[in-house]
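Have a look at the structure below, then the notes.
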Amino acid sequence: MSTAPSPAHRLRRWLLRGLWLAIAIVAALTLWNSRWAAAPKMLWTLSRMLPASALPVPVEGVHRRQIADTFGAPRGRDRTHAGIDIFAKRGTPVRSATPGVIVDVSERGLGGRQVWVIGPGRERYYYAHLQRWADGLARGQVVQPGDRLGEVGDSGNAKGTPPHLHWGIYGTQGPRDPLPLLR
């Protein structure tokens, strides 16, 4: 014959379950507010935002009226320019135009030293031909508008040309002209 648990035993069991639940909640909140969760939280936020409709010029000291519209211009026999070139003095700071998460920092291909940032609406922002990257810049880093990404240069296939930033925006429909977005 089994006996029912005593009220003291039931209370202890209830308190122990409550303690484990409290520990789980504190652990979850600690993880959620940790630096490891910053990028996933930002990606979630960005995915729920609309693509940008107005942006600052990402090269310090350059105004929109100083930028020529080269989007779609022929480049060789088999491709077109999928961005704009923003000319400035070598070493001029390049800054993130949007909030985002850095998904690549590399030196390769036509763009040379480049940074890719996922921004609002999951659009990808391409900053290329950099002279150098900002100190400590790394994949998975959360950036805010105005955060330094690097410096204007001529790396990649721009070697020997006047220093500039090649800046492209890529959405779900492919590249889009950044110039009309600049304010």
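The values are calculated or read from the model by the stated rules, or taken from the named source; none is laboratory data. Here the structure is a predicted model, which means the values were calculated and not measured. When we count neighbours, we look across all protein chains shown, and the Cβ atoms used for this are built from the backbone with ideal geometry, even at glycine. To get the accessible areas, we keep the full protein, side chains included, count just its heavy atoms, and leave off ligands, DNA and RNA. Shrake-Rupley method; radii C 1.70, N 1.55, O 1.52, S 1.80 Å.
Candidates are the residues of segment 128-143 that are of a type in the set (G, A, S) and on the phi > 0 side of the Ramachandran plot; the one that is most open to solvent (accessible area, probe 1.4 Å) is G136. Evaluating W20 against the criteria (1) farther than 30 Å from Y127 by Cα; (2) aromatic (F, W, Y); (3) touching a helix residue (DSSP H, G or I) at 6+ places or on another chain (Cβ under 8 Å) leaves one unmet condition, (3). Of the residues making up segment 112-127, those that are under 27 Å from P40 (Cβ atoms), part of a strand (DSSP E or B), open to solvent by less than 10 Å² (accessible area, probe 1.4 Å) and not polar (S, T, N, Q) are V115, V117, Y125, Y127. Taking segment 23-36 as the range and being under 30 Å from P120 (Cβ atoms) and in a helix (DSSP H, G or I) as the test, the residues that pass are A28, L29, T30, L31, W32, R35, W36. Of all the numbered requirements in (1) at positive phi; (2) touching a Pro at 6+ places or on another chain (Cβ under 7 Å), G156 misses one, and that requirement is (2). Checking segment 17-31 against the condition returns no match, with no residue being open to solvent by less than 100 Å² (accessible area, probe 1.4 Å) and basic (K, R).
If D104 meets every condition in (1) modelled with pLDDT under 95; (2) closer than 25 Å to P51 by Cβ apart from one, which number is that one? Of everything listed in (1) modelled with pLDDT under 95; (2) closer than 25 Å to P51 by Cβ, D104 misses just condition (1).
Only one of the numbered conditions (1) of a type in the set (S, T, N, Q); (2) at pLDDT 95 or above; (3) surrounded by fewer than 17 Cβ atoms within 10 Å (Cβ to Cβ) is violated by T172, and that is (2).
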